[in-house]
Amino acid sequence: MSDRDPASLIDLHSHLVPGVDDGASDVPAVLAAVDRMARSGIRSLITTPHIQGGLTLDPVALDERLERVTRAWAEAADAVGTEYPDVEYRLGHEVMLDVPDPDFSDARIRMAGTDFVLVEWPRMLIPPATVRVIERIVASGYHPIIAHPERYRDVANQFDTMAGWKEAGAFLQVNYGSFVGRYGAEARSNAFRLLRRGWADYLSTDFHGQASMRLYKDEAWTALGKLGGHDALTALCVTNPARLLRNEAPMAVAPLPEERGFWARLKGLVQ
């Protein structure tokens, strides 16, 4: 943690339910991950195992899946509560929109039981008609948060589509690691571009719990802090996630200042 970090960060995207997806494998792995997050200043998290949207249309299969996840989460929650009583460990899901009309009526799917839903497009591609999908989700009474939009293929050429998502009522969650090249140069460029437009609403780790994986939180805070983004960081990592937990929409985030000087001009020439 740096001296400029708020005391208590809130993380909205991770995979720390043991043994249910490609995240933490068991309870000791969850505890090790929570330890690392707590030492980095994260005091509250909603962990979000993967689930396919199509499964929400099969009530029997959905209930079986949610029962399994809830049992695993509850076991880990008991351990987290004992070892890290100052850390809030809540449950949500990251829903792959493999169908255009998922059913979010079961509160276990949603973010800590709120009306917010964390969603992603399949195969890291933006399919056609995504704005209409968002419009239907909003019309059903839910608040979609699109996970890591900066990482989708060719998204640099689809910022008009992202503008449509925002206008339709979606919010955007960017990964810390994107700002320091974790997912490549294009994702890094897209992440900064989103912040400079004031379009990002939340920052999160997307941490999968492996011992070899970094959180990238400290590196992202350093990089953004050098660009004058401290107020935006507080909004993205504290204020807006706290509002979500109260079932409130995020506040607008002040755009990150534009880069100036020789290096900014040079970067513009080569992009």
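The values are calculated or read from the model by the stated rules, or taken from the named source; none is laboratory data. None of the values given here were measured: they were computed from a predicted structure. Quick reminder, even Gly has a Cβ in these numbers, built from the backbone with ideal geometry, and neighbours come from all protein chains shown. SASA here: full protein model, heavy atoms, side chains in, ligands and nucleic acids out. Shrake-Rupley method; radii C 1.70, N 1.55, O 1.52, S 1.80 Å.
Which length gain, in nm to one decimal place, applies between His230 and Asp35 when the Cα-Cα distance is subtracted from 0.36 nm times their residue separation?
67.8 nm
When the accessible area of the chain is split by element with a 1.4 Å probe, what percent falls to carbon and sulfur?
On the way: 6120 of 11960 Å².
On the chain, the fraction of accessible area on carbon and sulfur atoms equals 51 percent.
Full extension from Ser105 to Leu57: what is 0.36 nm times the residue separation minus their Cα-Cα distance, to one decimal in nm?
16.2 nm
Within the shell defined by Cβ-Cβ distances under 10 Å, the residues around Ala38 carry a net charge of 0, with Lys and Arg each +1 and Asp and Glu each -1.
Would you be so kind as to identify all helices of the chain, as entire DSSP H runs, whose Cα atoms reach 27 Å or more along the helix's own axis and whose mean Kyte-Doolittle hydropathy is at least -0.5? Helices passing the filter in the chain: 59-83. Between Asp154 and Ala185, the C-beta separation translates, for a Förster distance of 22 Å, into a calculated FRET efficiency of about 0.95. Normalised per residue, the accessible area of the range 122-192 is 42 Å², obtained with a 1.4 Å probe and no contribution from ligands, DNA or RNA. Over the Cα atoms of the chain, each weighted equally, I'd like the Debye log10 I(q)/I(0) at q = 0.07, 0.10, 0.12, 0.14 Å⁻¹, rounded to two decimals. Reported log10 I(q)/I(0), two decimals: -0.23, -0.48, -0.70, -0.96. Taking a ≥ b ≥ c as the square roots of the eigenvalues of the alpha carbon gyration tensor, the range 205-261 is oblate, as a/c is not under 1.5 and a/b does not beat b/c.
Stretching Glu219 away from Arg68 to a fully extended chain increases their span by 50.9 nm, per 0.36 nm per residue minus the current alpha-carbon distance.
The three principal axes of the C-alpha atoms in the range 111-162 carry coordinate ranges of 33, 21, 17 Å, sorted with the longest axis first. Cα-based values for the range 119-255, radius of gyration first and Dmax second, are 14.4, 41 Å. Adding -39500 (n - 2.57) for every DSSP H run of four residues or longer, then dividing by how many residues the chain holds, sets the calculated 222 nm ellipticity at -11500 deg cm²/dmol.
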